[in-house]
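Novice: Attaching a single structure in structure tokens format; questions to follow.
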Amino acid sequence: MKAAIISDIHSNLEALQAVIKDIKKRRIKNTFCLGDLVGYGANPNECIEMCIKESKYITVGNHDWATLNKTNIAVFNSVAAQAIRWTQKIIKKSNLNRLKRLPLTHTIDNVLLVHATPRNPTQWNYLFSLNEFEAEFSLFDTQVCFIGHSHIPSAVFQDANGYTDFLRENPFPLIKNRKYIVNAGSVGQPRDLDPRACYAIYDGNNNSIEIVRLDYNIPRAQQKIVEAGLPEILAERLLVGR
Ligand SMILES: [Fe+2]
């Protein structure tokens, strides 16, 4: 199985279009999505519709849940909360129903998909440190677990002796008897100081994973955010990638 893994689109249609175009150019037949289709950007309806059309499996993210009033917006910072309230106003009922149907996890062959963490996915915890990653490995049985949520692409492996470390090469091979947690980064709002759209490619046939970065029309996405009356900081951060 070969699949593109996309996450954290956040209503950024320009970034999503660039990523889908690249996936098609590479002739990758499967796209899996890790959620946060909406929030922050100006095109929630278009992004939901495109994700549903292009993705074989989609798991739900915390901003999708907030839009559905399934998580308390009070836990969001004020800018994120404003974007959720704006999204709730303009989202079509049909797309709200699409979000409602998204599950928290999917398992496909040797791959687990979850937005935040294998442990208690509804708590929307973040994995940043090696210790935080390490504590998750006993919670899944597949060789690879793809996550999103932090908007920071990264990969951590654990070998059969329990030795755990970050992987710094890209692409990297999948080695037998090792498990992996891979953060696929963010399509629509990267936060690793690289403003380019980000996604991952899982190649189960050749046993490798690659993180891909792509330029997209950032000025257009920024302009739409400003025109929609969303907080301008949401436009500014796209240019710096944080
Ligand atoms: Fe997100």
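Novice: Kindly give the semi-axes, whole Å and largest first, of the ellipsoid equivalent to segment 139-213, taking each as the square root of 5 times a Cα gyration tensor eigenvalue. All intermediate terms of the calculation are to be shown ahead of the outcome.
Specialist: On the way: eigenvalues 97, 33, 22 Å².
Taking √(5λ) for each Cα gyration eigenvalue gives 22, 13, 11 Å.
Novice: Holding the Cα-Cα limit at 19 Å, pick out from LYS53/LYS100; LYS24/LYS56; LYS24/LYS92; LYS53/LYS92; LYS29/LYS56 the pairs that are longer than that. Could you put the intermediate results ahead of the total?
Specialist: Values: LYS53/LYS100 16 Å; LYS24/LYS56 14 Å; LYS24/LYS92 28 Å; LYS53/LYS92 16 Å; LYS29/LYS56 9 Å.
With Cα atoms farther than 19 Å apart: LYS24/LYS92.
Novice: For a quick protection proxy, order the peptides 170-180, 184-194, 140-150, 57-67 by their average other-Cβ count within 10 Å, most packed first.
Specialist: Details: 170-180: 15.0, 184-194: 23.5, 140-150: 21.8, 57-67: 25.2.
Top of the packing list down: 57-67, 184-194, 140-150, 170-180.
Novice: Given the C-alpha centroids of segment 46-72 and segment 129-172, what is the distance between them in whole angstrom?
Specialist: Each part's Cα centre sits 24 Å from the other's.
Novice: What's the Kirkwood radius of segment 1-148 in Å, using all Cα pairs? Provide the component values of the computation, followed by the final result.
Specialist: On the way: mean 1/r = 0.0637 Å⁻¹.
Kirkwood hydrodynamic radius for segment 1-148: 15.7 Å.
Novice: Roughly what % of DSSP beta bridges within the chain run antiparallel, to the nearest 5?
Specialist: Details: 25 of 38 bridges.
In the chain, DSSP labels about 65 percent of beta bridges as antiparallel.
Novice: Tell me, what ³J(HN,Hα) does each residue in segment 31-47 have, in order and in whole Hz, if you take phi through Karplus 6.51 cos²θ - 1.76 cosθ + 1.60 with θ = phi - 60° and put x for Gly and Pro?
Specialist: Using θ = phi - 60°, the values come out as 10, 10, 10, 9, x, 6, 5, 10, x, 6, x, 9, 10, x, 5, 5, 6 Hz.
Novice: Taking every DSSP beta bridge that has both residues in segment 75-194, what percent is antiparallel when rounded to the nearest 5? Each step should come with its number before you reach the end.
Specialist: On the way: 12 of 19 bridges.
Just about 65 percent of them are antiparallel.
Novice: Taking the alpha carbon gyration tensor of segment 112-242, what are the square roots of 5 times its eigenvalues, largest first, to the nearest whole Å? Provide the component values of the computation, followed by the final result.
Specialist: Details: eigenvalues 185, 53, 25 Å².
Values for segment 112-242, descending: 30, 16, 11 Å.
Novice: Shifting gears a bit: So what's the net charge close to CYS47: Lys and Arg +1, Asp and Glu -1, counting the other residues with Cβ under 13 Å from its Cβ? Don't skip to the end; give the middle numbers.
Specialist: Numbers: positive: LYS53, LYS92, ARG98, LYS224; negative: ASP8, GLU14, ASP36, GLU46, GLU49, GLU54, ASP64.
With Lys, Arg at +1 and Asp, Glu at -1, the net is -3.
Novice: I would also like to ask the following. Taking amide H atoms as placed 1.01 Å from N in the peptide plane, list the residues 5 or more away in sequence, or in a different chain, whose amide H sits under 5 Å from that of ALA197.
Specialist: LEU214, TYR216
Values in this text are rule-based calculations from the coordinates and carry no lab data. Keep in mind it's a predicted model, so treat the numbers as computed, not measured. Note that each Cβ is placed from the backbone with ideal geometry, even for glycine, and that neighbours are counted across all protein chains shown.
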